[in-house]
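Colleague: Got a structure here, written out as structure tokens. Questions coming.
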Amino acid sequence: MVSQKFEKRKNYKITKTNKYFLKSTKTAMKKNKSVKDKKLAQQKYRLTSSLIDKLAKKKLIHKNKANRLKRKLQNDINLLES
């Protein structure tokens, strides 16, 4: 009985942190898309790609989806003019 309560609390905390990381990554991606300066966008891309890689490493998203998201962000940056 005690271990069930412990597991429930533990799972709740893990779920909460996972949702936080997912949401913060999505927000970072939106902010990265809204930037119009190429150099600033490249700096933000490094941070965002690192967040995406962490999600893939924790298996919160699939590694192919992580690569797809990073490629999409990189293509948006390449379309910007210096």
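The values are calculated or read from the model by the stated rules, or taken from the named source; none is laboratory data. Just so it is clear, the model here is predicted, and its values are computed rather than measured. Virtual Cβ from ideal backbone geometry, glycine too; neighbours counted across all protein chains shown. Just so you know, the surface numbers come from the protein's heavy atoms only, side chains and all, with ligands and any DNA or RNA stripped out. Shrake-Rupley method; radii C 1.70, N 1.55, O 1.52, S 1.80 Å.
Colleague: Mind checking which lysines have their C-alpha under 17 Å from LYS54, skipping anything on the same chain fewer than 8 residues away?
Modeller: Counting by Cα, and skipping residues close in sequence, LYS54 has these lysines nearby: LYS16, LYS19, LYS23, LYS26, LYS44, LYS63, LYS65, LYS70.
Colleague: If I compute solvent accessible area with a 1.4 Å probe over the protein chains, what percent of it on the chain is carbon and sulfur?
Modeller: On the chain, the fraction of accessible area on carbon and sulfur atoms equals 56 percent.
Colleague: Further question on the same structure: Can you tell me the FRET efficiency between LEU22 and GLN42 if r is taken as the Cβ-Cβ distance and R0 is 25 Å, rounded to the nearest 0.05?
Modeller: It comes to 0.60.
Colleague: Are there any trypsin sites (Lys or Arg not before Pro) in the chain that are in a DSSP loop and have at most 16 other Cβ atoms within 10 Å? List them by number.
Modeller: Passing both the DSSP loop test and the Cβ count: LYS36, LYS58, LYS59.
Colleague: How much net charge surrounds GLU81 when only the other residues with a Cβ under 14 Å from the Cβ of GLU81 are counted, with Lys and Arg +1 and Asp and Glu -1? Each step should come with its number before you reach the end.
Modeller: Values: positive: LYS36, LYS38, LYS39; negative: ASP37, ASP76.
My count for the surroundings of GLU81 gives +1.
Colleague: Per DSSP H run of at least 4 residues, take -39500 (n - 2.57); add these up for the chain, divide by its residues and hand me the 222 nm value, nearest 500 deg cm²/dmol.
Modeller: After summing the helix terms and dividing by residue count, I get -30000 deg cm²/dmol.
Colleague: Something else now. Would you mind getting me the FRET efficiency between ASN11 and LYS65? Use the beta-carbon distance for r and R0 = 41 Å, nearest 0.05.
Modeller: Efficiency computed from Cβ-Cβ geometry: 0.95.
Colleague: Whole-Hz Karplus ³J(HN,Hα) for segment 4-19, in order, using 6.51 cos²θ - 1.76 cosθ + 1.60 and θ = phi - 60°, x for Gly and Pro?
Modeller: In residue order, the calculated couplings are 5, 5, 4, 4, 4, 5, 4, 4, 4, 5, 5, 4, 5, 5, 4, 5 Hz.
Colleague: On average, how much accessible surface per residue is there in the chain, in Å², for a 1.4 Å probe, leaving out ligands, DNA and RNA?
Modeller: Ligands and nucleic acids excluded, the figure is 83 Å² per residue.
Colleague: Considering the chain, what Rg and Dmax in Å follow from its alpha-carbon atoms?
Modeller: Spelled out, the Cα radius of gyration and Dmax of the chain are 16.4, 62 Å.
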